[in-house]
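Here the structure comes first, spelled out in structure tokens, and everything after it is commentary.
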Amino acid sequence: MASEESTDRGSGGELGRFLRARRTQTSPGQVGLTVGTGLRRTPGLRREELATLSGISIDYYVRLERGKETRPSPAVLDALARALQLDEAEHQHLRDLATRAARYAPEPPPPPSRTVRPHLKLVLETLRPSPAYVIGRSMDLLAWNPGGLALFAGIADWPATQRNVARYLFLHPTARTLFPDWDHQVRGCVARLRTQSGIDPDAPDLTHLVGELLLKSPDFAKLWDRYDVVGRKKTQKTFHHPQVGVLTLSGQSMHLEDTPGQRLGVYTAEPGTPDHDAMLLLDLTAPQQPAARTEATAEQPRRPRS
């Protein structure tokens with residue numbers, strides 16, 4: 001008999017894929033079910049178990065997971081979230097996916113602008129010696145001050161159009177030594193991409209990046225299959241930087257007004273500390289690269305390096 005996971009894997013839609021991922025990663029013991037001694041063919045909860053816990057019919061749940069039912073009520077979504085013990089962010093993502101499933105439009109919206117407004121270049125310069133950068137929806141580095149680029153050791157060796165935080169974490173050889181908690185960093189990175197891609201799965205910039213990383217990084221592919229949408233952020237990050245040594249910085253990210261999809265990232269250190277001294281040295285010794293790419297450069301097609 002075929003496994004319940006062997007059918008309709010490619011046609012379930014994002015809502016179904018998210019439910020399937022959360023179901024298969026939720027053990028019966030987590031939700032108070034007693035498991036017999038026999039071999040279970042399905043990892044995590046069975047479909048019928050989740051349907052029973054949620055108070056819905058098995059047939060309805062199967063249709064929901066396979067993408068054949070696209071208008072679950074808020075009560076059904078809440079019941080599924082309780083049964084799967086979703087946290088607030090995961091629960092909201094479930095609602096967002098359901099909203100999109102009910103209003104699905106075949107034509108993807110245009111990608112957000114990659115052009116950084118001129119006054120933001122001045123903001124980045126004003127923030128020196130704190131490393132700072134502007135990042136796009138798909139984690140492309142769109143603008144930076146010297147320390148903001150140099151902090152990602154070695155990324156300046158890539159063409160400007162290839163400078164992407166996710167690509168750096170998984171494909172640059174320096175990333176694993178730069179971040180002593182690399183495993184934590186990449187989980188948060190993939191969770192952020194999964195959240196964005198789940199809401200807008202046809203966006204060209206996201207599909208291009210995800211396709212490249214799925215092809216080139218088994219670590220990325222493994223995390224992508226988990227469909228985690230919650231990245232545990234740390235207020236501080238430690239860098240083992242090859243130029244300035246070990247430094248621990250406090251990070252802050254914020255959305256920019258009137259620039260959908262763009263965020264400003266800034267790292268700081270307490271003045272008078274060794275971390276601040278290292279940060280200052282990084283700023284002073286970093287190549288004085290342009291603060292931002294021009295619009296023409298930013299819109300060039302990206303060619304992934306092998």
Among the numbered criteria (1) over 21 Å from Arg20 (Cβ atoms); (2) outside any loop (DSSP other than H, G, I, E, B), which single criterion is violated by Ala191?
(1)
Flagged pairs (Cβ under 9 angstrom, 6 or more apart or on separate chains; first in region 12-24, of a type in the set (Asp, Glu); second surrounded by fewer than 21 Cβ atoms within 10 Å (Cβ to Cβ) and in a loop (DSSP other than H, G, I, E, B)) are Glu14/Gly67; Glu14/Pro201
When residues of region 199-247 are filtered for being open to solvent by less than 40 Å² (accessible area, probe 1.4 Å) and more than 20 Å from Gly16 (Cβ to Cβ), how many remain?
13
If the requirement is being in contact with a helix residue (DSSP H, G or I) (Cβ under 9 Å, 6 or more places away or on another chain) and modelled with pLDDT under 90, which of these qualifies: Arg46, Arg103, Arg82, Arg128?
Arg46
Examine region 109-122 for a residue that is open to solvent by 30 Å² or more (accessible area, probe 1.4 Å), touching a strand residue (DSSP E or B) at 6+ places or on another chain (Cβ under 9 Å) and part of a helix (DSSP H, G or I), and state whether such a residue exists.
yes
Among the numbered conditions (1) more than 28 Å from Pro43 (Cβ to Cβ); (2) of a type outside the set (D, E, K, R); (3) part of a helix (DSSP H, G or I), tell me where Phe152 comes up short.
(3)
Kindly indicate whether any position in region 239-256 is touching a strand residue (DSSP E or B) at 6+ places or on another chain (Cβ under 9 Å), in a loop (DSSP other than H, G, I, E, B) and closer than 27 Å to Thr115 by Cβ.
yes
Residues to consider are Pro180, Pro173, Pro159; find the one that is open to solvent by 30 Å² or more (accessible area, probe 1.4 Å) and touching a strand residue (DSSP E or B) at 6+ places or on another chain (Cβ under 9 Å).
Pro180
Looking at the structure I just gave you, is Ser138 open to solvent by 60 Å² or more (accessible area, probe 1.4 Å) and either at positive phi or among the polar types (S, T, N, Q) (or both)?
no
For Thr26, are the conditions met, namely being touching a helix residue (DSSP H, G or I) at 6+ places or on another chain (Cβ under 7 Å), part of a loop (DSSP other than H, G, I, E, B) and polar (S, T, N, Q)?
no
Kindly list, by first and then second residue, each pair from a residue in region 136-147 that is of a type in the set (D, E, K, R) to a residue that is assigned to a strand (DSSP E or B) and crowded, with 24+ Cβ neighbours inside 10 Å, limited to pairs with Cβ atoms under 9 Å and residues at least 6 apart or on different chains.
Asp140/Asn164
If you check Arg226 against the conditions, is it basic (Lys, Arg) and in contact with a Ser or Thr (Cβ under 8 Å, 6 or more places away or on another chain)?
no
What do you reckon, is Thr285 under 17 Å from Gly154 (Cβ atoms) and open to solvent by less than 90 Å² (accessible area, probe 1.4 Å)?
yes
In region 183-198, residue surrounded by the fewest Cβ atoms within 10 Å (Cβ to Cβ) [restricted to those that are basic (Lys, Arg) and more than 16 Å from Lys237 (Cα to Cα)]
Arg192
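The values are calculated or read from the model by the stated rules, or taken from the named source; none is laboratory data. If you're wondering where the values come from, they're calculated on a predicted model, not measured in any experiment. Counting neighbours? That spans all protein chains shown, and the Cβs are built from the backbone with ideal geometry, glycine included. Protein only, heavy atoms only, side chains kept; ligands, DNA and RNA dropped before computing areas. Shrake-Rupley method; radii C 1.70, N 1.55, O 1.52, S 1.80 Å.
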